[in-house]
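Participant: Before I ask anything, let me first share the structure, which is written out below as structure tokens.
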2 protein chains.
Amino acid sequence: MNEIPYKIYLTEEEMPNAWYNVRSAMKNKPAPLLNPGTHEPMKAEELAPVFCEELIKQELDNDTAFIPIPQEILDFYKMYRPSPLVRAYCLEKALDTPAHIYYKFEGNNTSGSHKLNSAIAQAYYAKMQGLKGVTTETGAGQWGTALSMACSYFGLDCKVYMVKVSYEQKPFRREVMRVYGADVTPSPSMTTKIGQKILAEHPGTTGSLGCAISEAVEVATSTPGYRYVLGSVLNQVLLHQSIIGLETEAALKKYDIVPDIIIGCAGGGSNLGGLISPFMRDKIEGKLDTRIIAVEPASCPSFTRGVYAYDFCDTGMVCPLAKMYTLGSDFIPSANHAGGLRYHGMSSILSQLYDDGLMEAVAVEQTSVFEAAEKFARVEGILPAPESSHAIKVAIDEAMKCKETGEAKNIVFGLTGTGYFDLVAYEKFHNGEMTDYIPTDDELAVFRAKLPVIG
Amino acid sequence: MNEIPYKIYLTEEEMPNAWYNVRSAMKNKPAPLLNPGTHEPMKAEELAPVFCEELIKQELDNDTAFIPIPQEILDFYKMYRPSPLVRAYCLEKALDTPAHIYYKFEGNNTSGSHKLNSAIAQAYYAKMQGLKGVTTETGAGQWGTALSMACSYFGLDCKVYMVKVSYEQKPFRREVMRVYGADVTPSPSMTTKIGQKILAEHPGTTGSLGCAISEAVEVATSTPGYRYVLGSVLNQVLLHQSIIGLETEAALKKYDIVPDIIIGCAGGGSNLGGLISPFMRDKIEGKLDTRIIAVEPASCPSFTRGVYAYDFCDTGMVCPLAKMYTLGSDFIPSANHAGGLRYHGMSSILSQLYDDGLMEAVAVEQTSVFEAAEKFARVEGILPAPESSHAIKVAIDEAMKCKETGEAKNIVFGLTGTGYFDLVAYEKFHNGEMTDYIPTDDELAVFRAKLPVIG
């Protein structure tokens with residue numbers, strides 16, 4: 001018998017009832033959002049036409065450590081949480097490594113990922129404010145699906161602008177959103193001014209996340225009773241996602257496990273930021289010396305090859321400016337299958353932590369990610385999302401280093417979701433048709449030169 | 001605070017370590033399989049060319065109550081089990097019913113259904129026998145996926161004959177099987193004599209489950225080191241699936257909940273048979289007067305409109321004869337989306353229990369099933385498989401009766417899986433294009449007339 005079970009579950013009583021705000025522990029706070037016109041820090045009243053009031057408070061609050069989770073959200077969390085912290089006994093055996101590998105699995109809900117943790121919070125606050133509905137964009141579809149589920153639960157309208165290429169290539173994702181009553185529009189569309197402009201200039205475009213954001217924001221700000229919500233990057237989203245880290249912390253403590261390495265994939269940063277929140281606090285306070293590793297695709301290397309600067313969050317430049325590790329808002333990565341990791345920038349919180357040397361980052365190439373994904377699937381049973389598989393790849397690499405050194409390190413990684421809607425990618429991998437494009441230094445320099453000049 | 005949590009999980013220590021054989025409690029034992037040539041009961045040695053030895057013992061054992069689960073299978077179960085018994089608080093609220101609704105959710109594994117419970121057991125016994133591989137058929141794909149995962153875990157070859165129409169319409173299911181290294185062939189195929197014969201007679205056929213079974217059996221019996229395995233109908237499969245019922249029983253007992261009604265969808269009967277096993281024992285012994293309801297599609301009504309008779313299990317008539325509620329082995333139901341419920345017959349165990357008046361059965365129409373599925377998805381978060389949604393439909397109907405009478409009955413149903421690979425069906429439902437064909441009495445009589453005449 002193993003002392004540590006295959007899956008560590010918390011009881012309802014052990015589940016966190018407050019989110020943890022990692023900004024409260026940061027010595028260098030994340031840089032504020034700036035007004036794109038004046039370059040002054042955005043005030044709450046300037047954000048109010050776009051975002052829900054309570055969410056703006058959370059966005060701007062760098063000080064409060066614990067923010068209570070409203071009962072209605074706790075009740076919803078209980079439907080699909082706690083997520084298990086899984087001891088990867090089978091993977092350890094297959095790798096023949098002395099390392100102890102754990103993963104926090106967020107895929108056991110119909111949205112298929114961790115995105116639901118923030119979607120339900122944002123939908124709740126929109127409902128409490130008496131709004132009629134919300135707008136958003138979605139790329140790969142996880143966020144749109146999660147928000148559709150959350151809005152359906154609270155009886156809110158949900159308008160999703162889905163990047164056209166995904167809308168066409170992922171009809172099943174679209175259909176799940178329809179199950180939950182969402183209104184899904186391929187972007188760019190003729191329903192917005194910015195969409196009309198982009199279509200006039202680029203009639204054949206298949207869209208981009210930056211463009212879909214611009215459309216969703218335009219609709220939110222021009223439709224009475226609507227606001228815009230975002231599934232990653234923002235401070236508020238990392239706050240909600242801290243539920244992942246808090247549950248992980250509680251599960252590890254039940255068995256006196258101290259993590260040596262924590263690994264997460266990083267697109268906009270919501271999963272990694274949430275997973276590491278309480279551990280980062282302990283690291284800042286000198287109580288823990290855990291290595292924290294962000295994993296990004298080599299095709300979209302914001303951390304490892306970007307610059308730390310103010311940049312636009314969207315193509316239409318209607319959103320506030322954010323200081324972040326960025327490749328430039330015009331940068332379009334190659335057709336990578338990890339749609340959730342194709343954002344040009346990165347959470348301001350994670351950017352500051354990375355700049356402060358509190359975390360590491362590594363970029364990995366797509367085919368090696370799918371090799372790791374398939375190895376994992378065959379022994380651990382779960383078919384992982386391409387995004388999540390970036391973390392698997394590095395977790396396996398670290399476990400193999402332990403095999404060389406003989407160290408029994410505790411490796412914890414975030415398994416953000418399942419790959420049931422990504423089988424076209426797996427098919428390409430099986431057929432040997434998977435490619436990856438790593439941008440050259442010269443190419444990155446072109447986009448870097450277009451960054452806005454601040455102050 | 002609710003005293004009963006949203007999800008009741010067992011600890012590893014509370015998990016069952018033996019399967020329960022409901023036949024041991026049955027006063028009238030299920031009828032034996034017959035040799036299709038001699039019409040004599042099949043002996044172990046006659047079954048040995050087709051099935052694994054240990055599984056034959058389990059198939060023929062009507063007496064042993066508890067059969068220990070080997071440690072290797074228990075270890076695998078720990079990766080994805082225990083499955084939660086969920087209290088459907090949100091559904092109860094949406095229905096405004098005094099009933100207490102519980103569902104045992106078997107969808108939280110990559111095969112997406114309960115099928116993995118038996119797949120891992122069958123793969124294990126094949127491995128223990130020193131076999132090289134196994135063959136099987138799959139319709140909708142859940143069983144094929146589950147078996148692929150199980151074979152990958154034990155390093156066995158896995159040859160899946162997939163009904164051609166599903167192979168073409170469900171490329172993603174096929175791709176998941178490839179992730180797990182299975183060899184998937186559309187059936188009928190030119191790789192078998194029976195396939196060649198069928199293709200010669202019906203060049204344009206899109207296949208059927210009965211035909212795929214015949215091909216898989218032919219390959220198993222003609223390839224050294226191979227045996228055939230089946231995902232439903234057989235006694236051994238119901239035995240393995242008793243893990244569902246045993247966990248449900250343990251979870252209910254933790255909170256002193258006595259089920260008034262237990263509901264499950266019934267295709268071949270493996271999920272329902274497993275779910276009810278320990279409760280049926282108590283019912284037979286007079287300790288429990290729970291109503292047990294099998295739900296089947298109106299398009300394939302084996303229980304409600306079939307006859308209890310010996311029949312062929314497959315189109316090619318190569319398998320033993322089984323006594324069961326059947327529509328006739330030539331009966332092909334209309335293109336129902338619940339592929340897992342389109343079998344012409346029914347488990348011999350369940351057939352006997354039904355004939356003994358120990359269970360009820362109800363047939364429901366497809367569109368009403370999808371209405372229930374969508375209602376459930378919107379409040380409980382989980383997108384259910386069309387098969388599972390048959391149970392949801394009847395659970396909701398029973399809960400609404402409680403609303404009329406004011407009774408707080410405990411309703412337990414089996415939620416066998418997720419619908420992530422069934423979104424074409426949901427799309428048809430949304431677009432108002434869903435149809436259902438209920439066979440006429442005259443049509444059923446044609447197939448009934450072709451039943452084999454025994455003794």
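The values are calculated or read from the model by the stated rules, or taken from the named source; none is laboratory data. It should be emphasised that the depicted structure is a prediction, and the values quoted were computed from it without experimental measurement. Cβ: placed from backbone, ideal geometry, glycine included. Neighbour counts: every protein chain shown.
Participant: Which residue pairs have Cβ atoms under 8 Å apart, sit 6 or more places apart or on different chains, and have a first residue in segment A:292-319 that is more than 17 Å from A:ALA338 (Cβ to Cβ) and a second that is of a type in the set (Asp, Glu)?
Facilitator: A:ILE292/A:GLU360; A:TYR308/A:ASP355; A:THR315/A:ASP330; A:GLY316/A:GLU215; A:GLY316/A:GLU218; A:VAL318/A:GLU218
Participant: Further question on the same structure: Kindly indicate which of B:ALA44, B:ALA94 is in the same structural domain as B:GLU404 (by TED's automatic domain parsing) and over 22 Å from the mean Cα position of the chain (by Cα).
Facilitator: Numbers: B:ALA44 fails: in the same structural domain as B:GLU404 (by TED's automatic domain parsing).
B:ALA94 is the lone residue from the list that is in the same structural domain as B:GLU404 (by TED's automatic domain parsing) and over 22 Å from the mean Cα position of the chain (by Cα).
Listed here are the residues, each with its yes/no results for (1) away from chain A (no Cβ under 12 Å); (2) at pLDDT 95 or above; (3) surrounded by fewer than 24 Cβ atoms within 10 Å (Cβ to Cβ).
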{"residue": "B:TYR354", "(1), (2), (3)": "yes, yes, no"}
{"residue": "B:GLY357", "(1), (2), (3)": "yes, yes, yes"}
{"residue": "B:SER368", "(1), (2), (3)": "yes, yes, yes"}
{"residue": "B:ALA372", "(1), (2), (3)": "yes, yes, yes"}
{"residue": "B:GLY381", "(1), (2), (3)": "no, no, yes"}
{"residue": "B:ILE392", "(1), (2), (3)": "yes, yes, no"}
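Participant: So which residues in segment B:204-232 are buried (at least 22 other Cβ atoms within 10 Å of the Cβ) and of a type in the set (D, E, K, R), if there are any at all?
Facilitator: Answer for segment B:204-232, where residues must be buried (at least 22 other Cβ atoms within 10 Å of the Cβ) and of a type in the set (D, E, K, R): B:GLU215, B:ARG227.
Participant: What are the pairs with Cβ atoms under 8 angstrom where one residue, in segment B:427-441, is within 17 Å of B:ALA372 (Cβ to Cβ) and the other, located anywhere, is part of a helix (DSSP H, G or I) and among the aliphatic types (A, V, I, L, M)? Sequence gap at least six, or different chains.
Facilitator: The qualifying pairs are B:HIS430/A:VAL179; B:MET434/B:ALA425.
Participant: Could you list all residues from segment B:211-238 that are of a type outside the set (A, V, I, L, M, F, W, C) and more than 17 Å from B:GLY141 (Cβ to Cβ)? Reasoning before the result, please.
Facilitator: Initially, segment B:211-238 is screened for residues of a type outside the set (A, V, I, L, M, F, W, C), giving B:214-215, B:218, B:221-228, B:231-232, B:235-236.
Once the filter is applied, which keeps residues that are of a type outside the set (A, V, I, L, M, F, W, C) and more than 17 Å from B:GLY141 (Cβ to Cβ), segment B:211-238 yields B:SER214, B:GLU218, B:THR221, B:SER222, B:THR223, B:PRO224, B:GLY225, B:TYR226, B:ARG227, B:TYR228, B:ASN235, B:GLN236.
Participant: Can you pull out the residues in segment B:394-428 that are within 14 Å of another protein chain (Cβ to nearest Cβ) and among the hydrophobic types (A, V, I, L, M, F, W, C)? Before the answer, list the steps.
Facilitator: Step one: filter segment B:394-428 for residues within 14 Å of another protein chain (Cβ to nearest Cβ), giving B:415, B:417-428.
Residues satisfying the conditions are B:LEU415, B:PHE421, B:LEU423, B:VAL424, B:ALA425.
Participant: Output the number of residues of segment B:1-34 satisfying the condition of being of a type outside the set (S, T, N, Q) and away from chain A (no Cβ under 14 Å). Step through it out loud before you land on a result.
Facilitator: Quick first cut of segment B:1-34, residues of a type outside the set (S, T, N, Q) only: B:1, B:3-10, B:12-16, B:18-20, B:22-23, B:25-27, B:29-34.
From the residues that got through so far, the ones that are away from chain A (no Cβ under 14 Å) too are B:16, B:18-20, B:22-23, B:25-27, B:29-34.
Qualifying residue count for the region: 15.
Participant: To continue, here is another question. Is it true that some residue in segment A:70-87 is over 25 Å from B:ARG81 (Cα atoms) and either modelled with pLDDT under 95 or within 20 Å of the chain's Cα centre (by Cα) (or both)?
Facilitator: In the first step, residues of segment A:70-87 are kept if they are over 25 Å from B:ARG81 (Cα atoms); the result is A:70-73.
Those still in the list that are either modelled with pLDDT under 95 or within 20 Å of the chain's Cα centre (by Cα) (or both) too: A:73.
Yes: segment A:70-87 contains one or more residues that are over 25 Å from B:ARG81 (Cα atoms) and either modelled with pLDDT under 95 or within 20 Å of the chain's Cα centre (by Cα) (or both).
Participant: For segment A:70-109, how many residues meet the condition of being acidic (Asp, Glu), surrounded by fewer than 21 Cβ atoms within 10 Å (Cβ to Cβ) and part of a loop (DSSP other than H, G, I, E, B)?
Facilitator: Within segment A:70-109, residues that are acidic (Asp, Glu), surrounded by fewer than 21 Cβ atoms within 10 Å (Cβ to Cβ) and part of a loop (DSSP other than H, G, I, E, B) number 1.
Participant: Is it true that some residue in segment B:282-301 is small (Gly, Ala, Ser), surrounded by 24 or more Cβ atoms within 10 Å (Cβ to Cβ) and under 19 Å from B:ILE213 (Cβ atoms)?
Facilitator: Taking segment B:282-301 first, the residues small (Gly, Ala, Ser) are B:286, B:294, B:298-299.
With the extra rule that they be surrounded by 24 or more Cβ atoms within 10 Å (Cβ to Cβ), the set shrinks to B:294.
Those left that are additionally under 19 Å from B:ILE213 (Cβ atoms): none.
Looking through segment B:282-301, none of the residues is small (Gly, Ala, Ser), surrounded by 24 or more Cβ atoms within 10 Å (Cβ to Cβ) and under 19 Å from B:ILE213 (Cβ atoms).
Participant: May I pose another question? Looking at segment B:110-144 only, could you name the residues that are part of a helix (DSSP H, G or I), touching a Gly at 6+ places or on another chain (Cβ under 9 Å) and surrounded by fewer than 24 Cβ atoms within 10 Å (Cβ to Cβ)? Reasoning before the result, please.
Facilitator: Of all residues in segment B:110-144, those part of a helix (DSSP H, G or I) come to B:116-128, B:142-144.
Keeping just the survivors that are touching a Gly at 6+ places or on another chain (Cβ under 9 Å) gives B:116-119, B:122, B:126-127, B:142-144.
B:LYS127, the sole residue that qualifies.
Participant: Same structure again: Among (1) at pLDDT 95 or above; (2) more than 15 Å from the chain's Cα centre (by Cα), where does B:MET346 come up short?
Facilitator: For B:MET346, the exception is condition (2).
Participant: Need the failing condition index for B:GLU201 against (1) surrounded by fewer than 23 Cβ atoms within 10 Å (Cβ to Cβ); (2) at pLDDT 95 or above, just the number.
Facilitator: With (1) surrounded by fewer than 23 Cβ atoms within 10 Å (Cβ to Cβ); (2) at pLDDT 95 or above applied to B:GLU201, the lone miss is (2).
Participant: What are the residues in segment B:268-291 that are of a type in the set (Val, Ile, Thr) and without any contact (Cβ under 8 Å) to a residue 40 or more places away in the chain, if any? Break it down stepwise before answering.
Facilitator: Our first condition is that a residue be of a type in the set (Val, Ile, Thr); within segment B:268-291, this holds for B:276, B:284, B:290.
Selection gives B:THR290 alone.
Participant: Now for a separate question. Taking the condition of being under 30 Å from B:GLY37 (Cβ atoms) and in a strand (DSSP E or B), how many residues in segment B:262-314 meet it?
Facilitator: 6
Participant: Only one of these is among the polar types (S, T, N, Q), in the same structural domain as B:PHE303 (by TED's automatic domain parsing) and buried (at least 16 other Cβ atoms within 10 Å of the Cβ): B:THR435, B:THR440, B:THR416. Name it. Reasoning before the result, please.
Facilitator: Numbers: B:THR435 fails: buried (at least 16 other Cβ atoms within 10 Å of the Cβ); B:THR440 fails: buried (at least 16 other Cβ atoms within 10 Å of the Cβ).
Of the residues listed, the single one that is among the polar types (S, T, N, Q), in the same structural domain as B:PHE303 (by TED's automatic domain parsing) and buried (at least 16 other Cβ atoms within 10 Å of the Cβ) is B:THR416.
Participant: Also: Return the residues of segment B:320-369 that are among the hydroxyl-bearing types (Ser, Thr, Tyr) and in contact (Cβ under 8 Å) with a residue 40 or more places away in the chain; say none if nothing qualifies. Walk me through it before giving the result.
Facilitator: Going through segment B:320-369, the residues among the hydroxyl-bearing types (Ser, Thr, Tyr) turn out to be B:325-326, B:329, B:334, B:343, B:347-348, B:351, B:354, B:367-368.
Once the filter is applied, which keeps residues that are among the hydroxyl-bearing types (Ser, Thr, Tyr) and in contact (Cβ under 8 Å) with a residue 40 or more places away in the chain, segment B:320-369 yields B:THR326, B:SER329, B:SER334, B:TYR343, B:SER347, B:SER348, B:SER351, B:TYR354, B:THR367.
Participant: Would you say A:GLU54 is surrounded by fewer than 20 Cβ atoms within 10 Å (Cβ to Cβ) and under 24 Å from A:TYR153 (Cα atoms)? Explain how you work it out, then say what you get.
Facilitator: Details: surrounded by fewer than 20 Cβ atoms within 10 Å (Cβ to Cβ): yes; under 24 Å from A:TYR153 (Cα atoms): yes.
Yes, satisfied.
Participant: Ok, one more. Which one is surrounded by the fewest Cβ atoms within 10 Å (Cβ to Cβ) among residues in segment A:145-184 that are in a loop (DSSP other than H, G, I, E, B), more than 7 Å from chain B (Cβ to nearest Cβ) and not small (Gly, Ala, Ser)?
Facilitator: A:LYS170
Participant: Condition first: surrounded by fewer than 24 Cβ atoms within 10 Å (Cβ to Cβ) and out of contact with any helix residue (DSSP H, G or I) (no Cβ under 6 Å at 6 or more places or on another chain). Now tell me which residues in segment A:396-413 satisfy that.
Facilitator: Once the filter is applied, which keeps residues that are surrounded by fewer than 24 Cβ atoms within 10 Å (Cβ to Cβ) and out of contact with any helix residue (DSSP H, G or I) (no Cβ under 6 Å at 6 or more places or on another chain), segment A:396-413 yields A:ASP397, A:GLU398, A:MET400, A:LYS401, A:CYS402, A:LYS403, A:GLU404, A:THR405, A:GLY406, A:GLU407, A:ALA408, A:ASN410.
Participant: Continuing with the same structure: State all residues of segment A:311-339 that are surrounded by fewer than 22 Cβ atoms within 10 Å (Cβ to Cβ) and closer than 22 Å to A:GLY357 by Cβ; if no residue qualifies, say none.
Facilitator: A:LYS323, the sole residue that qualifies.
Participant: Where residues in segment A:5-19 are outside any loop (DSSP other than H, G, I, E, B) and not hydrophobic (A, V, I, L, M, F, W, C), which of them is surrounded by the fewest Cβ atoms within 10 Å (Cβ to Cβ)? Spell out the reasoning first.
Facilitator: We begin by selecting, within segment A:5-19, every residue outside any loop (DSSP other than H, G, I, E, B); these are A:7-8, A:12-14, A:18-19.
Narrowing the set further to residues that are not hydrophobic (A, V, I, L, M, F, W, C) leaves A:7, A:12-14.
Working: A:LYS7: 19, A:GLU12: 16, A:GLU13: 8, A:GLU14: 13.
Only one residue fits best here, namely A:GLU13.
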